[in-house]
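Contents: one structure, followed by commentary.
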Amino acid sequence: MELHEILNHLGEDRQAYRGAVAPPVFQTSNFCFPTLAQMRSALTDELSNAFYTRGNNPTVEILRRKVAALEGAEDALMFGSGSAAIAAAVMHFLAAGDHVICVQKPYGWTRALLDQMLRRYGVETSFVDAREVSAIEAAARANTKMIVLESPNSMTFEQQDLAAVAELARAKGWVSICDNSWASPLLQSPLALGIDLVTHSATKYLNGHSDVVAGALCGSADHIRQIFRGPFMTLGGILAPHDAWLLLRGLRTLDVRLERIQRSTAAVIAFLATHPKVQQLYYPGHGVHGQAELARHQLRGGSGLLSFRLAATDLAAVDRFCDALQCFLMACSWGGYESLIFPVGCVMTAENYRDPTHSLPFDLVRLSIGLEPADALIDDLRQALEQL
C-alpha cells in the first residue's frame, strides 16, 4: 500500500461516518448491543470488537491500523505513553529469574524499568555497548530471554546492526525489541530486518504537534494479541480516543514534516560541523561512532534530532549559550513542529536522569529541529555561540 493511502485512507469508513472527511472521536467508555448473543460474541474478542474502551475503541483502532501498516507490522497497540508501550512489551515476556540485555544508553525510563523496577521482581539486566554484536554475545547468559535496542538512541545516537542482532536473537530464542522513535517508520523498518517488536514514543514524529503523549507497539498478530490479553488490559495504560484523533491528525503530515525537517537538519549540521566553538557532533552517518556505513545501509535518511558538544569551560558558559537562543525553546521532548534545545547539564543532578554506569559531558546539548526556516535557526545558533 502506498504511503499516502495509509496516511489518508486506511481504516477510515467515511460512508459509515456520514461522509465526514476526518473520522469522528468515539468519546465513549462503553458500547451497547441489541442482543445478548452479540454482546457475548464481542466479549470473546475485545481486541477486534468495541466492547469497552480500555480494550478497543473505533477511533483508536483506525490509528492502530495506520501505525501497523507504516511499520510493516501485522498489528499494533496504542498506549498512553512510549514508556507504557515499552513496559508492556518487556513485562509480558519476562519472569523472575530471567536476564535481559539492553543497550548501554537507553531512554532514562527504559533504564528505570529494567534496572530498578524489574530488579525488584528477580529480573536481571546487562547494559552493553551494542554497536558490536560480539558485545551482545559476550553478555549472554543461559537465562537471557530478551534484547532491548534503541537504534539510534536519543542522546548520542549509537546504532545497532538490527539484522545481525535479530539473527542472533532468533538463534538464541530471545525476544528482540527496538525503539524506533528517532527514525520513525518512514526512515527505518526494524521488523523487516528481523526484529520481533517495535516501539515508538508516538509523542514525537508520529504526532508532531507537541500536544499528545502517546506510545505505539508493533509486531506480529500473535505477539500483539498476547500482550493485549496480558499487560495491556491488566495495567490499562491506554490511549484516550481524543488523543488518538489528534494523532490521526498529526499522521496526515508525517511525510511532509519529515521532508522539511531533514532539509533544515542537513543545513544546521553543515553549519555546526565547521564552527570553532563546536567540539563534536553526534548524528547517525557523521562518523562519531564509526557507524556511517551502517547508517547508510540501515536508515533511509536522518531525522531532526542531533547533539553536539560546546567548547565550554564550565556550566555557566553552557547557560549563556542556551539563554541567548531565541528560536529554540528549552524543553525535554522532540519531534514536534517547534525547534527545541535540551542541555544535558540541566539534568546532571536530577535523580530521574542520574546513571552511575555512564556519564554524559556537561557541555553536551541536544537539538530537535522543527519547521522553522533553516536560515533562522542557523542565525540563532550563530549569535548564541558568540556568547561562549
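The values are calculated or read from the model by the stated rules, or taken from the named source; none is laboratory data. Since we're looking at a predicted model, the values are computed, not measured. Note that we place each Cβ from the backbone using ideal geometry, even for glycine, and neighbour counts take in every protein chain shown. Accessible surface is based on the protein model in full, side chains and every heavy atom, while ligands, DNA and RNA are left aside. Shrake-Rupley method; radii C 1.70, N 1.55, O 1.52, S 1.80 Å.
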Check your understanding: Could we say that Ala89 is of a type in the set (A, V, I, L, M, F, W, C), in contact with a Lys or Arg (Cβ under 6 Å, 6 or more places away or on another chain) and modelled with pLDDT of 95 or more here?
Key -> no
Study note, to complete from the structure: Matching residues in the range 93-106 (surrounded by fewer than 19 Cβ atoms within 10 Å (Cβ to Cβ) and either in contact with a helix residue (DSSP H, G or I) (Cβ under 7 Å, 6 or more places away or on another chain) or assigned to a helix (DSSP H, G or I) (or both)) number 1
Review point. Quick one: which of Ser29, Ser83 is small (Gly, Ala, Ser) and either closer than 17 Å to His223 by Cβ or under 23 Å from the mean Cα position of the chain (by Cα) (or both)?
Key: Ser83
Revision key, fill the gap. Across (1) farther than 20 Å from His286 by Cβ; (2) surrounded by fewer than 20 Cβ atoms within 10 Å (Cβ to Cβ); (3) in contact with a Lys or Arg (Cβ under 9 Å, 6 or more places away or on another chain), Leu187 clears everything bar (1)
Study note, to complete from the structure: Over the range 366-382, the set of residues in contact with a Ser or Thr (Cβ under 6 Å, 6 or more places away or on another chain) and within 16 Å of Val256 (Cβ to Cβ) is Ile369, Gly370, Glu372, Ala374
Review point. What number goes with the only condition from (1) open to solvent by less than 40 Å² (accessible area, probe 1.4 Å); (2) within 13 Å of Ala76 (Cβ to Cβ) that Ala221 does not pass?
Key: (1)
Exercise for review: Report yes if Val268 is crowded, with 16+ Cβ neighbours inside 10 Å and in contact with a strand residue (DSSP E or B) (Cβ under 6 Å, 6 or more places away or on another chain), otherwise no.
Suggested key: no
Exercise for review: Considering each residue of the range 193-233, count those that are more than 18 Å from Asn153 (Cβ to Cβ) and hydroxyl-bearing (Ser, Thr, Tyr), and give that number.
Suggested key: 2
Review point. Mind checking which residues of the range 10-37 are surrounded by 12 or more Cβ atoms within 10 Å (Cβ to Cβ) and under 27 Å from Gly237 (Cα atoms)?
Key: Leu10, Gly11, Glu12, Ala22, Pro23, Pro24, Val25, Phe26, Gln27, Thr28, Phe31, Phe33
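Sort out which residues of the range 221-271 are of a type in the set (Gly, Ala, Ser) and over 21 Å from Glu150 (Cβ atoms), and write them in order of number.
Ala221, Gly230, Gly236, Ala240, Ala244, Gly250, Ser264, Ala266, Ala267, Ala270, listed by residue number.
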Exercise for review: Kindly provide the set of residues from the range 37-71 that are assigned to a helix (DSSP H, G or I), in contact with a Pro (Cβ under 9 Å, 6 or more places away or on another chain), under 17 Å from Pro23 (Cβ atoms) and not hydrophobic (A, V, I, L, M, F, W, C), ordered by number.
Suggested key: Pro58, Thr59
Check your understanding: Any chance the range 107-117 includes a residue that's in contact with a Leu (Cβ under 9 Å, 6 or more places away or on another chain) and open to solvent by less than 50 Å² (accessible area, probe 1.4 Å)?
Key -> no
Review point. Mind checking which residues of the range 59-79 are in contact with a helix residue (DSSP H, G or I) (Cβ under 8 Å, 6 or more places away or on another chain) and not aliphatic (A, V, I, L, M)?
Key: Thr59, Lys66, Glu71, Gly72, Glu74, Asp75, Phe79
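Rundown of residues vs (1) surrounded by fewer than 21 Cβ atoms within 10 Å (Cβ to Cβ); (2) among the basic types (Lys, Arg), yes/no style:
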residue	(1), (2)
Glu46	yes, no
Asn49	yes, no
Thr53	yes, no
Leu63	no, no
Lys66	no, yes
Glu71	no, no
Ala76	no, no
